[in-house]
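Contents: one structure, followed by commentary.
We did not get these values from a lab; they are worked out from the coordinates using the rules stated. Predicted model only: the values in this text are computed from it and were never measured. All Cβ positions, even for glycine, are placed from backbone atoms using ideal geometry, and neighbour counts span all protein chains on display.
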Ligand SMILES: Nc1nc2c(ncn2[C@@H]2O[C@H](COP(=O)(O)OP(=O)(O)OP(=O)(O)O)[C@@H](O)[C@H]2O)c(=O)[nH]1
Ligand SMILES: [Mg+2]
């Protein structure tokens, strides 16, 4: 999408709905003129001071009607979010008033902003690099305090700095390799092969260190999903309610109570964990329940962890065995519920069915074993990620991961070719491509399509 950067853009920057205030944001060369046209205050203001708040009314130039009593500020370029002249109107936070003011702003010459267009302009005007722009959306979408801290660190430029450090080391090395293309060893004193390959390896190792943080970073940013499955009546909905500390799902003693799935997120030590309560697995004629059971397998296949829930007060049935069979190859936690009743199931019997899997006994009804279950889920997330992170930054974004992997692969190829004594031209070619790949992370070398895709995820007004 080719968006004109000449236009002045406008949008309601606050969420839809009712609130104390609602903000209309305008960016571009006509911002101030639009402010002059619509804003009326008691005292005449010859010129708006930048970063200064003015109190007054928004008045329709055609009807003369007062649309809202507002606070207005101008942030002159380049010291604004977008790097352009920005005008912000703090209106009252009702959808009708905001629409009325926005429509006057549009009539006065602005056009509606596309999603993320303010941040896109900030990027194009070099107020932010691309990884920082992406951190803006992560910050807005952060689900826990740890996710927020990560987004803040990226917004501050910690990731950009690491990537730019790598890029400058690569540029230095590339210069050395390129010199050896033009001159033979007798002409000038070139770096010995071993030194060059060591230097390339050093960069590869730094890339690998950053890459190793992705498992944890992804979990911190996106969270993980845990599906609770088991035959009817084992206490799946009771467990969800206990984890949430509220009666979210219907619990009854009638098997087959839950038909649809229910998803809720809880925060386990800073990790957003989405629990999915599902219909009990059994063979039934009822088509509604059958549909619910079909959904369970769909949910299971897209989950990170499956909690297999059993009822410890009864013997295992065929239905339990079906649940175990279908899940045993995946990432599972075996949980035995109703620990408050006298136990019928035994750990040694379970270990024959699922060797090496330690059952966790709980009582969803009374809360026993719930902290241990949360601990277990947390421990699994660390297993998926990395315990001893060497890197200063944590990678959270798949786009960044792919670019780093590509760069690492190309550098490894360059190193091999240097060791083999092949023409330095070959190594230089791969190193240049690796450099470009790293450049994509910070937006030095990114095409329009990639930008479109990144900013499409943003909200309007950001
Ligand atoms: N004693 C005891 N009863 C429990 C416990 N957890 C659940 N129950 C009871 O077991 C019955 C079924 O609980 P649910 O949470 O509805 O079970 P479910 O697995 O969601 O059942 P479906 O939705 O039908 O698949 C209810 O009567 C609960 O009160 C527990 O820890 N101890
Ligand atoms: Mg249920």
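Summary of the geometry: the range 277-327 and the range 388-462, compared by the centres of their Cα atoms, lie 43 Å apart. Taking the inverse of the mean reciprocal distance over all distinct Cα pairs, the Kirkwood hydrodynamic radius of the range 54-118 comes to 12.9 Å.
Is the C-alpha gyration tensor of the range 26-74 telling us rounded, prolate or oblate? Criteria: a/c under 1.5 is rounded; beyond that, a/b larger than b/c is prolate, otherwise oblate. Don't skip to the answer; put the middle values down first.
On the way: a/c = 1.79, a/b = 1.30, b/c = 1.38.
Judged from the Cα gyration tensor, the range 26-74 comes out oblate (a/c at least 1.5, b/c at or above a/b).
Normalised Debye scattering of the range 248-311 at q = 0.13, 0.15, 0.21, 0.29 Å⁻¹ gives log10 I(q)/I(0) of -0.39, -0.51, -0.94, -1.39, counting only Cα atoms as equal scatterers and leaving out solvent.
How much of the DSSP bridge set in the range 299-417 is antiparallel, in percent, rounded to the nearest 5?
Details: 1 of 9 bridges.
Within the range 299-417, antiparallel bridges account for around 10 percent of the total.
In terms of its alpha-carbon gyration tensor, the range 1-94 comes out oblate; a/c meets the 1.5 threshold, while b/c is at least as large as a/b. The helix-based estimate of mean residue ellipticity at 222 nm for the chain, built from -39,500 (n - 2.57) per DSSP H run of four or more residues and divided by its residue count, is -14500 deg cm²/dmol to the nearest 500.
Computed across the range 281-331, the Kirkwood hydrodynamic radius from all distinct Cα-Cα pairs reaches 12.0 Å.
Ordering of 107-113, 438-444, 289-295 by packing is 438-444, 107-113, 289-295, highest average first (other Cβ atoms within 10 Å, averaged per residue).
Taking other C-beta atoms within 10 angstrom as a stand-in for reagent exposure, 363, 50, 423 fall in the order 423, 50, 363, fewest first.
In Å, the Kirkwood hydrodynamic radius of the range 1-41 over pairs of distinct alpha carbons? Don't skip to the answer; put the middle values down first.
Details: mean 1/r = 0.0830 Å⁻¹.
For the range 1-41, the Kirkwood estimate is 12.1 Å.
Residue ranges 299-306, 78-85 sort as 78-85, 299-306 when ordered by packing (mean number of other C-beta atoms within 10 Å per residue, highest first).
Return a whole-number percent for the relative contact order of the range 9-128, with Cα pairs under 8 Å and 6 or more residues apart as the contact set. Once divided by the residue count of the range 9-128, the mean separation gives 33 percent.
Per residue and in Å³, how big is the convex hull formed by the alpha-carbon atoms of the range 220-384? List each step's numbers first, then the result.
Details: hull volume 17.6 nm³, N = 165.
Given the Cα convex hull of the range 220-384, per-residue volume reads 106 Å³.
Counting neighbouring beta carbons within 10 Å and listing from fewest to most, the residues 154, 92 come out as 92, 154.
Using only the Cα atoms of the chain, build the gyration tensor, take square roots of its eigenvalues as a ≥ b ≥ c, and label the shape rounded, prolate or oblate: rounded if a/c is under 1.5, else prolate if a/b is larger than b/c, else oblate.
Details: a/c = 2.99, a/b = 1.19, b/c = 2.51.
Oblate, because a/c is 1.5 or more while a/b does not exceed b/c.
Sorting the segments 21-27, 39-45 by their mean number of nearby beta carbons within 10 angstrom, highest to lowest, gives 21-27, 39-45.
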